[in-house]
1. If I compute solvent accessible area with a 1.4 Å probe over the protein chains, what percent of it on the chain is carbon and sulfur?
2. To the nearest 20 Debye, how big is the dipole of segment 1-54 about its Cα centre, given +1 on the beta carbon of each Lys and Arg and -1 on that of each Asp and Glu?
3. At a threshold of 8 angstrom on Cα-Cα distance, excluding pairs fewer than six apart, so keeping six or more, what relative contact order does segment 73-228 reach in percent?
4. Treating the Cα atoms of the chain as identical point scatterers in vacuum, please give the log10 of the normalised Debye intensity I(q)/I(0) at q = 0.06, 0.08, 0.14 Å⁻¹, two decimals.
5. Would you work out which of T117, S82, Q129 lies farthest towards the positive end of the dipole of segment 49-137? Charges go on Cβ: Lys and Arg +1, Asp and Glu -1.
6. Toward the positive end of the charge dipole of the chain, about the Cα centre and with charges on Cβ (Lys, Arg +1; Asp, Glu -1), which of T42, S13, N149 goes farthest?
7. Using the 2.2 N^0.38 Å rule of thumb for compact globular proteins, work out how segment 171-286 stacks up: its C-alpha Rg over that value, please.
8. Can you give me the pair-distance distribution of segment 165-207, C-alpha pairs, 5 Å bins, whole percents?
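The values are calculated or read from the model by the stated rules, or taken from the named source; none is laboratory data. Remember, predicted model here, so these are calculated numbers, not experimental data. Because the Cβ atoms are built from the backbone with ideal geometry, glycine has one as well, and the counts that use them run over all protein chains shown. Just so you know, the surface numbers come from the protein's heavy atoms only, side chains and all, with ligands and any DNA or RNA stripped out. Shrake-Rupley method; radii C 1.70, N 1.55, O 1.52, S 1.80 Å.
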Amino acid sequence: MDYTTLGNKVTNSYIFKGSKHKPFLAPRGVFVANNMLFVSDTGQNRVFIWNSIPTSEFKEPDVILGQEAIADSGRNSNSDVSSKTLHYPSGIWSDGKRLVVADAWNHRVLIWHTIPTTNAQPADVVLGQPNFENNQPNVKGQAANPEANTLNWPYGVFSDGKNLWIADTGNRRVLFFDSIPTENFVEADKVIGKLNFKTRDYENNEPIWPYSIKVSKKGVLAIADTQFYRVLVWNNKNDAFSKPANIIIGQDNFDNAGQNQFRLAPESNTLNWTYDACFYKDGILVNDTGNSRILVFNDIPKENNKNADALIGRPNFNISSEFKANMHGTSSAIYWPFSITTEGDKLFIADTGNHRLVICDLQT
């Protein structure tokens with residue numbers, strides 16, 4: 001990779017492709033906790049765990065979830081759904097002791113009370129379904145209305161170690177649990193984006209297609225609202241249950257919803273299919289997936305449509321996913337990154353379109 005395409009905001013960059021025997025295929029989730037690396041190898045229906053951060057291009061995982069062996073990649077292990085299987089896993093959260101995985105196309109979230117130590121280790125808890133053998137949207141099928149304990153394409157999960165948030169993307173809402181559940185099919189305590197648990201109607205000032213949730217140590221909450229090409233930010237996480245977002249990144253107001261604000265090229269304040277965000281120090285990093293770049297805000301914006309302070313992944317703010325460095329392939333630059341996370345000053349990018357991670361140090 002030509003690491004200069006990442007820009008001068010990062011340094012010491014390297015590529016990680018997972019197992020040499022069967023590398024990543026469209027990884028959509030990455031998370032780090034206690035120096036452990038967790039990756040959703042989404043295209044191959046499995047989650048990998050490394051007990052320490054890999055420093056080379058390839059390293060065999062310590063644990064595989066969703067499959068028995070590194071060669072396996074079938075949907076639900078080419079069998080019926082169970083406590084051991086995965087279908088299109090996406091968002092991941094861990095505190096180094098517990099693990100939560102958004103098993104998106106099984107319409108459920110899986111929880112392990114302790115970090116798994118064996119391949120295909122069964123999950124301890126399932127949310128969104130009454131048991132491990134059911135995987136229909138909203139339990140009864142796509143036509144069924146949502147309930148406080150059902151899910152429909154949950155793509156994102158996050159916890160602060162106590163509370164749990166789930167991006168219930170297909171139901172256009174975020175579910176909130178006062179504590180990380182220890183039993184199956186638990187009802188959520190609150191909902192973000194809806195007046196109640198049973199409605200599907202939505203307004204433009206609500207999350208339209210929430211894909212990920214992040215909460216800062218100071219209690220700021222951010223939702224990557226993919227379908228409206230924006231990130232919604234609440235200065236106080238508790239306000240999200242009853243009030244619209246304080247700030248919109250990527251749009252001027254709640255009614256605007258244009259890709260790059262209907263411009264031919266991106267700018268420092270526009271977004272295109274944003275799938276994730278990540279708090280870093282006093283600011284926020286925004287994963288501008290459709291433009292194959294990450295926008296850097298040194299501080300949490302105090303007004304809508306603010307210009308980013310810096311850029312990762314493109315030579316300048318006006319270059320989109322399609323530029324001359326990608327004319328003969330995408331390997332020289334990041335391409336459609338879906339997920340980002342930080343651990344200290346290190347940035348981990350799920351470079352989904354290139355089937356790899358990019359790991360680098362942030363320049364403070």
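1. That share works out to 46 percent.
2. 120
3. Relative contact order, segment 73-228: 17 percent.
4. Reported log10 I(q)/I(0), two decimals: -0.19, -0.35, -1.14.
5. Toward the positive end, the furthest listed residue is Q129.
6. So the residue furthest toward the plus end is S13.
7. 1.09
8. So the P(r) values, bin by bin, are 5, 24, 31, 21, 12, 5, 1.
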